[in-house]
Amino acid sequence: MTRITDLPAESIMLPGNRACAGCGIGIALRQITSALDGKLVLVNPASCLTVLGGMYPTASVAVPWLNIAFPSTAASASGVAAGLRAMGRADEMTVLAMAGDGGTADIGIQALSGAAERNEDMIYLCYDNEAYMNTGTQRSGSTPQGARTTTTWSGKKENPKDVPAIMEAHNVGYVASTSAAYPTDVYDKVAKARGLSGLRYIHMNTPCPSGWSFDPKDTVRLGRLAVDAGLVVLYEVQDGEFHLTGRSAALAKSGLKATVAEYVATQGRFRGMSPETIAEIQAWVDKRWAGFLKREAGE
Amino acid sequence: MTGQSSKGNHVSVTGTATVMTGNEAAATAAKLARVQVVAAYPITPQSPVVEQISAWVESGELPAEFVAVESEHSALSVCIGASTVGARTFTATSSNGLAYMTEQVWWAAGARLPIVMCIANRAMAAPWNVLNDQQDSMSVRDAGWVQLYCRDNQEILDTTIQAFRLAEELSVPVMVCYDGFLLSHTVMPVELPAPEAVDTFLPPRTDGLQVIDPTDPRNVGPVVMADPRPDADGVMRPGYMEFRAMHQAAIVSALEAVPRIDGEFGEHVGRTWGGLVWEQDLDDADVVLVAAGSITTQLALVAEQLRQEGMRVGVLGIRCYRPFPAAALADRLAGRSLVIVFDKAMSYGYEGPICADLKAALYGQSDVPAVFGTISGLGGRDTSPEDLADTTRRAVADHAAGIRTRPTEWVNLKMTGGAR
């Protein structure tokens, strides 16, 4: 595992971008682009990442970046990959499709499912900030239960879609779950995915100060708290082999270090959540975490 | 086609005579064009185009990438991705498939990608109907693609090859439209051009080859604001509206490029198709029948028959519908008594799209003829020369009775509720 001091000093991120203060995407994008050594084409639908990338005629990241329509991420990236093969340029760069949770779990899931079934040659990375943050915090299929959004004013009633599990069901060679709050975990997973072929799926929890309603200085703290509470689990599945990674692997030995109640108390989006709902989510987390522990134990 | 058709010099250079369907002609054209990436999703009546292409790719006869996607939206998305990195790309669809990819129809145009797409024209649902009319492609006429309409299978083959030249020269996508079943599934004699002749006419794509390059990174298609903004060097760059104006200029330049490229194709392959519009028996015509696509074959027969009855009838066929050849049409229609437009699509709440466009093209001109709009052939309704001749006779009689404007006539409407 790469140590934080071993991460590349050079960044492909240019000084200044249009992301909100404390946005988790920027922390991770630096590691993602570094892990690909800048030899990538980033395929990006409408999302917060579009805003971060910049408005014509300026850009904030020195990589080839192709903006494409909201539902089309995995299909457009399939086309880029096919085009590069047809042009004899496939070895020049990794195709990195990078979309938000709405663009992945909701409007983009058909194209993603098709690309996964065809095992298209790309890394698909979903940065999951758990709602439509770019359009003003509307609920997505990835919004957690209890979260207030501008379309779930009294708190979302349902649990989020488990997109990594959906991708596992497509039998792709590499599925990983990570967090923007753990740069080395992000770096290692992207670097590993770079060395593989076919469709590689990485799901990255990405704290959002404006959408989750917390102080921008707490992005990393809250991202780590989500892992400590077992709401976000760091793992990878390579050719069917499951392993917890990083902090989650340590928590498997020590036990979870935080509760759902502690986690939801840190964010405005959960304000006023009833004890019953908190208990319901805690039970859901406990059951899910127990399932991960069983998988880790090879059961 | 009979009479003085502007099909012009139909001289075989090195071609091979065969017979094939319109769909086979479209697939063959894509192969002759040496397409590099094809993505498609099945829909009747287009499916045989991509079935044929996938067979050629699997057998190695066509060295290309074939991506069998999960939807039409993704089909055009794949083409957008592949075209952006410099590959020559092709797809085909019909009806609801085209409607489903509409977002990407706009995207491909705005991104100025030289994608060629064949449309086997089919009626729009609901209700379901797999048969022909032109509502599908007419409904995306405003999206910024060049739209070419074909009369027969030879024209499908030749026009699809020409479309790549046009698309890559102007950096705009091109739609080649042909009537579903009437052409897509009908076997006709077709002369295959020699591959060498096509290669000379259509060299490999050279535009936009290094748009995506890690050693020279660019952000392609980012957010563009309303007004021009300075780049990092302080140089002003266009705003959204400037880009749209550039797009319009590129599309309009097809009014020059379509006939020129048609002519160059003729030099290499031995056939031309009239460029923007073509005509039959038009010089002395008092009554002109205007349409696009295969219905013009019936209209040509109607004109011949009515001439035998003493009416001076001619046909003006629209090959290029977008950009709209307003000047060419106005020039050839000035001074006539009556123009009858045979639309196979409807702008619901108004009239047929060609009719409305043609009236606009004639506005402000001198010696403007009366223009009567008709709708025919929706959802596969037969467009027999007899019915079209009757429609023409009634229109001529109305005109003789002093009528200069009429409600749109629905031709061959068989039950109550419609006009005639």
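The values are calculated or read from the model by the stated rules, or taken from the named source; none is laboratory data. This is a predicted model, so every value here is computed, not measured. Heads up, the Cβs are rebuilt from the backbone with ideal geometry, glycines too, and the neighbour counts pull from every protein chain shown. Surface areas here come from the heavy atoms of the whole protein model, side chains and all, with no ligands, DNA or RNA. Shrake-Rupley method; radii C 1.70, N 1.55, O 1.52, S 1.80 Å.
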Filter result for B:SER83 (in contact with a strand residue (DSSP E or B) (Cβ under 6 Å, 6 or more places away or on another chain), at the interface with chain A (Cβ under 8 Å from one of its Cβ atoms) and either open to solvent by 10 Å² or more (accessible area, probe 1.4 Å) or at negative phi (or both)): yes
Output yes when any residue across region A:72-95 is within 14 Å of chain B (Cβ to nearest Cβ), of a type in the set (S, T, N, Q) and within 15 Å of the chain's Cα centre (by Cα), and no when none is. yes
Residues in region A:56-71 that are open to solvent by 30 Å² or more (accessible area, probe 1.4 Å) and either of a type in the set (A, V, I, L, M) or more than 7 Å from chain B (Cβ to nearest Cβ) (or both): how many? 3
Only one of (1) touching a residue at least 12 places away in the same chain (Cβ under 8 Å); (2) open to solvent by 10 Å² or more (accessible area, probe 1.4 Å) does not apply to A:LEU96, and that is (2)
Pairs, please: C-beta under 7 Å, at least 6 apart or cross-chain, first residue at pLDDT 95 or above and in region B:396-420, second open to solvent by 90 Å² or more (accessible area, probe 1.4 Å)? B:GLU409/B:ARG420
Test set (1) assigned to a helix (DSSP H, G or I); (2) within 29 Å of A:ILE12 (Cβ to Cβ) - B:LEU209 fails condition number: (1)
Which numbered condition trips up B:ALA194, out of (1) more than 7 Å from chain A (Cβ to nearest Cβ); (2) surrounded by fewer than 16 Cβ atoms within 10 Å (Cβ to Cβ); (3) farther than 19 Å from B:ALA82 by Cα; (4) out of contact with any helix residue (DSSP H, G or I) (no Cβ under 7 Å at 6 or more places or on another chain)? (2)
State yes or no: is A:GLU10 open to solvent by 30 Å² or more (accessible area, probe 1.4 Å), farther than 28 Å from A:SER210 by Cα and either β-branched (Val, Ile, Thr) or at the interface with another protein chain (Cβ under 10 Å from one of its Cβ atoms) (or both)? no
Any residue at all in region A:81-90 that is at positive phi and open to solvent by 10 Å² or more (accessible area, probe 1.4 Å)? yes
Within region A:16-37, how many residues turn out to be open to solvent by 10 Å² or more (accessible area, probe 1.4 Å) and within 14 Å of chain B (Cβ to nearest Cβ)? 6
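Condition check ((1) of a type in the set (Phe, Trp, Tyr); (2) open to solvent by 20 Å² or more (accessible area, probe 1.4 Å); (3) part of a helix (DSSP H, G or I)) across all residues:
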residue: A:VAL186; (1), (2), (3): no, no, yes
residue: A:MET204; (1), (2), (3): no, no, no
residue: A:SER210; (1), (2), (3): no, yes, yes
residue: A:VAL227; (1), (2), (3): no, no, yes
All positions within region A:238-281 that are within 22 Å of the chain's Cα centre (by Cα), in a helix (DSSP H, G or I) and closer than 20 Å to A:GLU158 by Cα: A:VAL260, A:TYR263, A:VAL264, A:GLY268, A:ARG269, A:PHE270, A:ILE281
Say whether the condition of being polar (S, T, N, Q) and touching a residue at least 40 places away in the same chain (Cβ under 8 Å) is met by at least one residue in region B:362-373. no
Taking the stated definitions as given, is A:ARG148 open to solvent by 50 Å² or more (accessible area, probe 1.4 Å) and within 25 Å of B:ILE115 (Cβ to Cβ)? no
Would it be correct to say that A:GLY298 is under 18 Å from A:SER179 (Cβ atoms) and out of contact with any strand residue (DSSP E or B) (no Cβ under 6 Å at 6 or more places or on another chain)? no
In region B:349-385, which residues are among the aliphatic types (A, V, I, L, M) and assigned to a helix (DSSP H, G or I)? B:ILE354, B:ALA356, B:LEU358, B:ALA360, B:ALA361, B:LEU362, B:LEU378
Residue by residue through region A:142-161, note down the ones that are part of a loop (DSSP other than H, G, I, E, B) and without any contact (Cβ under 8 Å) to a residue 60 or more places away in the chain. A:SER142, A:THR143, A:THR150, A:THR151, A:TRP153, A:SER154, A:LYS156, A:LYS157, A:GLU158, A:PRO160, A:LYS161
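Matching residues to (1) surrounded by 17 or more Cβ atoms within 10 Å (Cβ to Cβ); (2) over 20 Å from B:ALA125 (Cβ atoms):
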{"residue": "B:PHE342", "(1), (2)": "yes, yes"}
{"residue": "B:ALA345", "(1), (2)": "yes, no"}
{"residue": "B:TYR350", "(1), (2)": "no, yes"}
{"residue": "B:LEU362", "(1), (2)": "yes, yes"}
{"residue": "B:SER366", "(1), (2)": "no, yes"}
{"residue": "B:ILE375", "(1), (2)": "yes, no"}
Residues located in region B:108-165, provided they are among the charged types (D, E, K, R) and part of a loop (DSSP other than H, G, I, E, B): B:ARG112, B:ARG122, B:ASP133, B:ARG151, B:ASP152
Can B:GLY234 be described as open to solvent by 20 Å² or more (accessible area, probe 1.4 Å) and free of Cβ contacts under 8 Å to residues at least 12 places away in the same chain? yes
Tell me the residue from A:ALA77, A:ALA115, A:ALA46, A:ALA81 that is part of a helix (DSSP H, G or I), within 22 Å of A:LYS161 (Cα to Cα) and not acidic (Asp, Glu), please. A:ALA115
Subset of region A:119-141 [among the hydroxyl-bearing types (Ser, Thr, Tyr), crowded, with 24+ Cβ neighbours inside 10 Å and part of a loop (DSSP other than H, G, I, E, B)]: A:THR137, A:SER140
Can you tell me which residue in region B:37-80 is farthest from the other protein chains (Cβ to nearest Cβ), limited to those that are within 25 Å of the chain's Cα centre (by Cα) and charged (D, E, K, R)? B:GLU51
Leading residue by the ranking (nearest to the other protein chains (Cβ to nearest Cβ)) among those in region B:92-106 that are in contact with a helix residue (DSSP H, G or I) (Cβ under 6 Å, 6 or more places away or on another chain) and open to solvent by 10 Å² or more (accessible area, probe 1.4 Å): B:TRP106
Select, from B:GLY270, B:GLY335, B:GLY274, B:GLY293, the only residue that is farther than 17 Å from B:ARG141 by Cβ and under 19 Å from the mean Cα position of the chain (by Cα). B:GLY274
Within region A:96-111, how many residues are more than 10 Å from every other protein chain (Cβ to nearest Cβ) and not in a strand (DSSP E or B)? 9
When you scan region B:32-48, how many residues do you find that are under 19 Å from B:ARG88 (Cβ atoms) and assigned to a loop (DSSP other than H, G, I, E, B)? 4
Which listed residue, of B:ASP216, B:ASP207, is within 14 Å of chain A (Cβ to nearest Cβ), of a type in the set (D, E, K, R) and without any contact (Cβ under 8 Å) to a residue 40 or more places away in the chain: B:ASP216
